[in-house]
1. Between helix 46-70 and the chain, what is the angle of the helix's C-alpha long axis to the longest principal axis, kept within 0 to 90° and rounded to the nearest 10?
2. Classify the stretch 1-126 from the C-alpha gyration tensor, please: rounded if a/c falls under 1.5, else prolate or oblate depending on whether a/b exceeds b/c.
3. So how far, in whole Å, is the C-alpha centre of the stretch 54-85 from the one of the stretch 1-50?
4. Under the √(5λ) rule applied to the eigenvalues of the Cα gyration tensor, what semi-axes describe the equivalent ellipsoid of the stretch 119-177? Give them in Å, descending.
5. Using +1 on the beta carbon of Lys and Arg, -1 on that of Asp and Glu, and nothing else charged, what's the dipole of the chain about the Cα centre, debye to 20?
6. Do the sum for the chain: with -39,500 (n - 2.57) for every DSSP H run of n ≥ 4, divided by all residues, what is the mean residue ellipticity at 222 nm, to the nearest 500 deg cm²/dmol?
7. Distance between the C-alpha centers of the stretch 246-262 and the stretch 172-186? Whole Å please.
8. Pull up all non-local amide H partners of residue 242: gap of 5 or more, or a different chain, and H-to-H distance under 5 Å with H placed in the peptide plane.
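The values are calculated or read from the model by the stated rules, or taken from the named source; none is laboratory data. This is a predicted model, so every value here is computed, not measured. Ideal geometry is used to build each Cβ from the backbone, glycine not excepted, and the neighbour counts take in all protein chains shown. We work out accessible area using only protein heavy atoms, side chains counted, and drop any ligands, DNA or RNA first. Shrake-Rupley method; radii C 1.70, N 1.55, O 1.52, S 1.80 Å.
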Amino acid sequence: NEHKQSIENSKQFLYEKFPRIEQIDNEISMLAINSARRVIEENLSPEEATFEMKKRAEVLKQEKEIILRENNYFEFVPRYNCVLCKDTGLSENGKKCRCYMEKLAKFVSFPGDISNGDKEFFKFSVFDNFKLSYYSNEIDVLCGSSPRKIMKMNLAKCVKFSNDFTGVNSGNLLLYGPSGLGKSFMAGCIYNRVTDNGYFAIYKSSYKLFQFLEDFKFGRIDRDKYNLANNSVYDCDLLIIDDFGTEFITSYTQSVFFDLLNT
């Protein structure tokens, strides 16, 4: 809206300074209507009318450019805050733009939200930084394959899941195993890829997520302040629950978990 208003202000300034420019703009805007009228009234073919319309438009634009150039003026070109979506929030493919997702994430705040350390973790968590060299290349007799080969397969599946993610019928992933294997890092990579592709994802540890939902339900936190966050847990395109199983399990957390899955 700000950019549209800037363009309008610029137009009005030029119109007052050069009335002929206003006449040119008005004539250009009427060209299509006049061409359609000529097709009906003068029996011109649509191709002939279109050709003459384009020719006339070019003449008018050149006249306008000459007026501006001779008087050391230029037509206002908006400078958008985001050149990718031109501040519409939507990219060319119709998906939500990265800038929109970043703003949405700022509004969706949780109690005690991510620290600077968490932010650095997310910044580093990209698939290009995933090092298969951390995993042994030796065959594990228990599973008949090497950890590196298994992780290479897991990495490929996670990359495919992230690239193909549409928010609808995209399936689910369960990453399981002992601590220190790279599950959280992999989940962070998925989070970044999905959000980069224009989808709204939420990444929370199971302890913090279930604690939040319980506190919200029983009014231990400001419901007005965190209502958007509560709704987003159920409405987001992708919900990532980290460290699942480490939280204190109660009948309430169990019911919440199944409710999340069903929703």
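1. Orientation of helix 46-70: about 90 degrees from the principal axis.
2. On the way: a/c = 3.70, a/b = 2.19, b/c = 1.69.
Prolate, since a/c reaches 1.5 and a/b exceeds b/c.
3. What the calculation gives is 13 Å, centre to centre.
4. Numbers: eigenvalues 118, 57, 18 Å².
Computed over the stretch 119-177, the values are 24, 17, 9 Å.
5. Working: 35 positive and 37 negative charges, 127 e Å.
The dipole magnitude comes to about 620 debye.
6. Working: 10 runs with 152 residues, N = 263.
Calculated at 222 nm, the ellipticity per residue is -19000 deg cm²/dmol.
7. With the stretch 246-262 and the stretch 172-186 each reduced to a Cα centre, they are spaced 20 Å.
8. 204, 205, 206
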